[in-house]
Amino acid sequence: MALERAAIEISYKTGISIKWTELANYLFDNMLQEAKKDLMGATDIKKTLKKD
């Protein structure tokens, strides 16, 4: 739901329609390395993964 809502908001504000799947692919492609670094540096990986 969060991805769908974000895609709708981005579409509304930019005037360009995007699908939630396009947003998901963008996030995955662009945030994977950052997430990898965060988890490798975490003292409690399970706690880090459960952040809201």
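The values are calculated or read from the model by the stated rules, or taken from the named source; none is laboratory data. Note that the structure is predicted; figures quoted are calculated from it, not measured. Here the Cβ positions follow ideal geometry from the backbone for every residue, glycine too, while neighbour counts run over all protein chains shown.
Taking the listed residues Thr21, Thr48, the one that is of a type in the set (Ser, Thr, Tyr) and at pLDDT below 95 is Thr48, with no other qualifying.
Of all residues in segment 1-31, those satisfying the criterion of being assigned to a helix (DSSP H, G or I) and either loosely packed, with under 10 Cβ neighbours inside 10 Å or polar (S, T, N, Q) (or both) are Ala2, Ser11, Lys13, Thr14, Thr21, Asn25, Asp29, Asn30.
Search segment 24-52 for residues that are without any contact (Cβ under 8 Å) to a residue 24 or more places away in the chain and pair each with any residue that is assigned to a helix (DSSP H, G or I) and among the charged types (D, E, K, R) when their beta-carbon atoms are under 9 Å apart and the residues are at least 6 apart or on different chains. Filtered contacts from segment 24-52: Thr48/Asp38.
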